[in-house]
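See structure below.
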Amino acid sequence: MRKHIVAGNWKMNLTFTEADELLDDLMSELEKVELPRDTQVIVCPPFPYLEMASDYANDSYFMVGAQNVSDQEKGAYTGEVSAAMLESCEIDYCIVGHSERRAYYGETDALVAAKVNQLLAHGLKPIVCVGEVLEEREAGRQLDVVKKQVEGGLFHLSAEQMQQVIIAYEPVWAIGTGKTATPDQAQEIHAHIRSLLAAKYGQAVADEVSILYGGSCKPSNAKELFAKPDIDGGLIGGASLKAEDFMGIVQSF
């Protein structure tokens, strides 16, 4: 069965020293708890800290993910990082299609699909983000928006490949705003995503895919969110920058 996952997206935050301290604190906190076997903790720091995070992960109970990847295999793409590079650094996961990448850098569903292909070809598991902005939510278009993103970014995959993918639902209007989708609102979209997967790949495959919630998840609301049948964990932003807050979410399971 699918895993419960809490993934911390540090975004463009922390100096090297601050990152080192956070990783050390996180390792210490994880040593104090016994996680259920079906629970996975993932840390996604900025690129310069991936090797340091990987070193910590070797002695701890978390996995490491990157925040982005190139859609190209290699070549003259200054500033880009390839999936082959991440593979060679023993990175396990990578976030793609985050709403900030879509909004600020014009990433399309087709580009997300290309990045997913690169990651899977090199043995990394993509964490693929989908979700609607406030205007789309207010217009009642959230189901259609998410359907388009899921189909455009993922439905070229085989059933076997799909089982290697993690999906993160981000209500964009709830990221960094302090607003949070209600558990029922989040469950509606998560169930919708799983129904799309079931219609395309069958219920057995759909039941294997972890779907995370990614909108202002905090220790105070995580337990209620995670209690919903189709919410398998969280993609955590601000709360992942403090070990105590992040662990409060992890322990919500």
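Provide a single number: the residues in the range 5-20 that are within 20 Å of Val165 (Cα to Cα) and of a type in the set (A, V, I, L, M, F, W, C).
Start the filter on the range 5-20 by keeping residues that are within 20 Å of Val165 (Cα to Cα), which leaves 5-9.
Now restrict to residues that are of a type in the set (A, V, I, L, M, F, W, C): 5-7.
Qualifying residue count for the region: 3.
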Looking only at the range 202-225, which residues are closer than 24 Å to Leu154 by Cα and modelled with pLDDT of 95 or more?
Gly202, Gln203, Ala204, Val205, Ala206, Asp207, Glu208, Val209, Ser210, Ile211, Leu212, Tyr213
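Being crowded, with 19+ Cβ neighbours inside 10 Å, closer than 24 Å to Gln40 by Cβ, in contact (Cβ under 8 Å) with a residue 12 or more places away in the chain and in contact with a Ser or Thr (Cβ under 7 Å, 6 or more places away or on another chain) is the requirement here; does Glu170 meet it?
yes
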Give me the residue from the range 206-218 that is over 15 Å from the mean Cα position of the chain (by Cα) and surrounded by 17 or more Cβ atoms within 10 Å (Cβ to Cβ) and, out of that set, farthest from Lys3 (Cα to Cα).
Lys218
So, of the residues in the range 15-50 that are in contact with a Lys or Arg (Cβ under 8 Å, 6 or more places away or on another chain) and assigned to a strand (DSSP E or B), which turns out to be farthest from Leu86 (Cα to Cα)?
Thr39
Failed condition for Thr182, given (1) out of contact with any Leu (no Cβ under 6 Å at 6 or more places or on another chain); (2) among the β-branched types (Val, Ile, Thr); (3) surrounded by 22 or more Cβ atoms within 10 Å (Cβ to Cβ)
(3)
Which one of the conditions (1) hydrophobic (A, V, I, L, M, F, W, C); (2) within 15 Å of Asp245 (Cα to Cα); (3) at pLDDT 95 or above; (4) more than 18 Å from the chain's Cα centre (by Cα) does Val33 fail to meet, given that it meets all the rest?
(3)
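For the range 156-187, how many residues meet the condition of being within 10 Å of Gly215 (Cβ to Cβ) and of a type outside the set (A, V, I, L, M)?
9
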Going by what's in this entry, would Lys179 be described as in contact (Cβ under 8 Å) with a residue 12 or more places away in the chain, out of contact with any strand residue (DSSP E or B) (no Cβ under 8 Å at 6 or more places or on another chain) and within 15 Å of Gly131 (Cα to Cα)?
yes
Hits in the range 172-206 - residues which are more than 30 Å from Trp10 (Cβ to Cβ) and in contact with a Pro (Cβ under 8 Å, 6 or more places away or on another chain)
none
Quick check: is even one residue across the range 3-23 more than 26 Å from Ile175 (Cβ to Cβ) and among the small types (Gly, Ala, Ser)?
no
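So which residues in the range 115-134 are out of contact with any Phe, Trp or Tyr (no Cβ under 9 Å at 6 or more places or on another chain) and surrounded by fewer than 19 Cβ atoms within 10 Å (Cβ to Cβ)? Write out each step before concluding.
Our first condition is that a residue be out of contact with any Phe, Trp or Tyr (no Cβ under 9 Å at 6 or more places or on another chain); within the range 115-134, this holds for 115-118, 120-123, 128.
Matches in the range 115-134: Asn117, Ala121, His122, Gly123.
The values are calculated or read from the model by the stated rules, or taken from the named source; none is laboratory data. Values in this document were obtained by computation on a predicted structure and should not be read as measured data. Neighbour counts run over all protein chains shown; Cβ positions are idealised from the backbone, glycine included.
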